[in-house]
Amino acid sequence: MRALLEKDIRILLLRKSTMVMFLVIGIVFTWSFSAYFSGAYLTMLGSMLAISTISYDEADNCMPFLFTLPCARKQYVLEKYLFVYGFSFIAGLIGLLIILVASIAKGLPVDVTIIIETLASEIPILLITGGIMIPLQLKFGPEKSRMVLLAIVGVIFVIGYMISKSTYVRNLMAEAGRYMDGNAPIRLFAVFLVLLVVLSVLSVSISGKIMDGKEY
Amino acid sequence: MKIILNNSSMVPIYEQLMDQIKNEIIEGRLVSETALPSVRTLSGELKISALTVKKAYDRLEEEGFIVTVHGKGSFVAETDKNLALEACRKTVEDEFAKVILKAKNFGFSKEEIQDVVSIILEEDK
Amino acid sequence: MITAKNVTKRYVDFTLQVDFEIPKGRITGFIGKNGAGKSTTMKLILGLVSPDEGEMIVMGSSATNLSIKEKENIGVSLAESGFSPYLRIADITKILKKAYPNFAQEKFENACRSMGLPLNKPMKEFSTGMKAKLRVLVAMTHEAKLLILDEPTAGLDVEARNEVLDLIREYMKEDEKRTVLITSHISSDLESLCDDIYLIDNGKIILHEDTDVILGEYGILKVDQETFQKMDKSFLAKTVPTSFGYTCFTKEKRYYKDNYPGMVIENVKLDELILMLTEFKKGENEK
């Protein structure tokens, strides 16, 4: 497991210049356009970069050899989640740092809400890229999984659109809005966090099954 | 220890190996208690199977030329020169016996066989 | 060390069915034509594919269920797989150090240097020979008890092949209890290296013999029609008709050498043996 983490870190280091570029773009946009830009942005790019290590494993037929190293397939799966979540989280924290620095420099008010809102906005991204992309990528490979992801996002969008059209849901949302108060971001954050944990556990077990069934 | 193997010879490799080690011992180039290379080492150097080397070592031990100490390796045995020579004589005799049998099968007489031998010896001079 | 009990693996157009036992302290070779089933056998041993029937047992455990500790004792070189070629040796050294507790970093780096492998270049810039040498070095610098080398010499010139073979010989010299399993379709490589050889064809083991016996006792007889009619055929394992009469494969060349003086008897080269045993499917006379 430690060997696999080391391997992914080494692969990530191959893309130092890409990371620096992303970072610069994040800083520039946060500074000049939206004060909250870099949080979600860096989380997303971070998790994309981390997931791309699976493509590195699959390109050049590296997988068979990796499974001859002293590590079980389950560990390979766990390591990927750890790595993708870990690296995205670090990227998210850097994003948050940029936001805070930018806010202070611009003389905007800085409080805990900003921190919680930023972190809350990062969690769904983790869920989509990590929780959904990892099993997809393991199952379909880099090319197909991107198409499948697009399809899934499309379906979610259509369902969301239909729900938003329904008057019943609208009434429900309005009802819920009445209960919103100063603590809403914290609650939202908590709900997202629980969702993240539950869906991740589910995603890990699906990925584990996918890998166990693979033959090389 | 100098060993040259002929891969295209009809004489099995282990026999070639045995004969050459025997020669080294008889001619005194390998003195008693000298350690022989390990089976794997010799196998690697000569690029032959370890089982071939083992077979040769086993036979040499049976014939009393070497001693194998478990876990330590093989060593040249305390050999009686005369015994060693006797062993060589025996090998030669056996080979002759085979050839003579073959010659008899072809219907050679005793004199004819002796003639062949003396002609070959003449040629060798 | 490794036991295959009636292991069967079915693919759409190919079925592998093998039974064998590989003891400790041996260099065992698997030889056969491309697609004969050598690599599939190695993959079964490595647990990369699981058998449809039967059991593959490696060091006492099922191949698909080896513990981390057991895997630490195995060194592997696969023909078309390895670390990402974008990495450098400097990178994989760090990975190997974390993967294997017995990884000998200094020894590994020295070996790389002495074989002319640059530590700080991406491996994709390496030549085929350099890649092959590196794969074998990776497999054997962590004190593994079992080496599994799938086609370690494929695509290499004679010189590079010899270097790789010498690495394996050196490895066995260090500890005679080690075991090496190697596949190749270049039979001369195995002839000079292996203690015993499995000949695999069309998913089946068609011959298993000590190299010593193959080279020492097997023979190819070349006889004309007339001689063939008269000769004792009880020790012929296979006979193939040829332009001049028959080419016969025997496991007892001494018998024919002693009883048929003047008969053309050749030592067996593995290549010929493979051709004799696999190519002539029709009109053969098998005993």
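The values are calculated or read from the model by the stated rules, or taken from the named source; none is laboratory data. Computed from a prediction, not measured in an experiment: that's the story for all the values here. When we count neighbours, we look across all protein chains shown, and the Cβ atoms used for this are built from the backbone with ideal geometry, even at glycine.
Observations, loosely collected:
- Filter pass, residue C:19 being in contact with a strand residue (DSSP E or B) (Cβ under 9 Å, 6 or more places away or on another chain), under 19 Å from residue C:196 (Cβ atoms) and of a type in the set (Asp, Glu): yes
- Qualifying residue in the range C:171-191 (condition: within 25 Å of residue C:87 (Cβ to Cβ) and out of contact with any Phe, Trp or Tyr (no Cβ under 6 Å at 6 or more places or on another chain)): yes
- Helices (runs of 4 or more DSSP H) enclosed by the range C:184-231 - at least 2 residues per element that are within 14 Å of chain B (Cβ to nearest Cβ): C:187-191, C:211-217
- Search result, residues across the range B:1-23 that are more than 15 Å from residue B:61 (Cα to Cα) and assigned to a helix (DSSP H, G or I): B:13, B:16
- Considering the range A:1-34, the residues that are away from chain C (no Cβ under 14 Å) and touching a helix residue (DSSP H, G or I) at 6+ places or on another chain (Cβ under 6 Å) include one that is farthest from residue C:72 (Cα to Cα), namely A:31.
- Here residue B:40 clears all of (1) within 14 Å of chain C (Cβ to nearest Cβ); (2) surrounded by fewer than 18 Cβ atoms within 10 Å (Cβ to Cβ); (3) not acidic (Asp, Glu) except the condition numbered (2).
- Residue within the range C:213-224 that is within 30 Å of residue C:40 (Cα to Cα), crowded, with 20+ Cβ neighbours inside 10 Å and aliphatic (A, V, I, L, M) present: yes
- Selected residue [surrounded by fewer than 16 Cβ atoms within 10 Å (Cβ to Cβ), away from every other protein chain (no Cβ under 11 Å) and at pLDDT 90 or above] from C:151, C:125, C:170, C:143: C:125
- In the range B:26-125, counting only helices (runs of 4 or more DSSP H) that sit wholly within it, the ones holding 2 or more residues that are among the polar types (S, T, N, Q) span B:39-46, B:81-105, B:110-124.
- Residue in the range C:40-62 that is nearest to residue C:12 (Cα to Cα), counting only those that are touching a residue at least 40 places away in the same chain (Cβ under 8 Å) and assigned to a strand (DSSP E or B): C:53
- Every test in (1) away from every other protein chain (no Cβ under 14 Å); (2) under 30 Å from residue C:188 (Cα atoms); (3) free of Cβ contacts under 8 Å to residues at least 60 places away in the same chain; (4) not aromatic (Phe, Trp, Tyr) is passed by residue B:112 save one, and that test is (2).
- Residue, farthest from the chain's Cα centre (by Cα), within the range A:153-187, restricted to residues that are closer than 24 Å to residue A:204 by Cβ and at pLDDT below 80: A:156
- Subset of the range B:43-59 that is over 15 Å from residue C:192 (Cα atoms) and either touching a Ser or Thr at 6+ places or on another chain (Cβ under 7 Å) or without any contact (Cβ under 8 Å) to a residue 24 or more places away in the chain (or both) - its residue that is surrounded by the most Cβ atoms within 10 Å (Cβ to Cβ): B:57
- Wholly within the range A:50-139, helices (runs of 4 or more DSSP H) carrying at least 1 residues that are within 14 Å of chain C (Cβ to nearest Cβ) and over 28 Å from residue A:32 (Cβ atoms): A:63-66, A:73-106
- Options A:38, A:47: the member that is surrounded by 17 or more Cβ atoms within 10 Å (Cβ to Cβ), more than 14 Å from every other protein chain (Cβ to nearest Cβ) and within 20 Å of residue A:203 (Cα to Cα): A:47
- Per the conditions (1) closer than 28 Å to residue B:51 by Cα; (2) within 14 Å of chain A (Cβ to nearest Cβ); (3) of a type in the set (Val, Ile, Thr), the sole criterion not satisfied by residue C:68 is (1).
- Residue B:75 passes every criterion in (1) touching a helix residue (DSSP H, G or I) at 6+ places or on another chain (Cβ under 8 Å); (2) surrounded by 15 or more Cβ atoms within 10 Å (Cβ to Cβ); (3) away from chain C (no Cβ under 13 Å); (4) without any contact (Cβ under 8 Å) to a residue 60 or more places away in the chain apart from (1).
Per-residue answers, yes or no, for (1) surrounded by 18 or more Cβ atoms within 10 Å (Cβ to Cβ); (2) free of Cβ contacts under 8 Å to residues at least 12 places away in the same chain; (3) more than 21 Å from residue C:277 (Cα to Cα):
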{"residue": "C:155", "(1), (2), (3)": "no, no, yes"}
{"residue": "C:158", "(1), (2), (3)": "no, yes, yes"}
{"residue": "C:161", "(1), (2), (3)": "yes, no, yes"}
{"residue": "C:174", "(1), (2), (3)": "no, yes, yes"}
{"residue": "C:179", "(1), (2), (3)": "yes, no, yes"}
{"residue": "C:187", "(1), (2), (3)": "yes, no, no"}
{"residue": "C:195", "(1), (2), (3)": "yes, no, no"}
{"residue": "C:199", "(1), (2), (3)": "yes, no, no"}
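- Taking (1) closer than 20 Å to residue C:153 by Cβ; (2) out of contact with any strand residue (DSSP E or B) (no Cβ under 6 Å at 6 or more places or on another chain); (3) more than 8 Å from chain A (Cβ to nearest Cβ); (4) not in a helix (DSSP H, G or I) in turn, residue C:119 satisfies each apart from (1).
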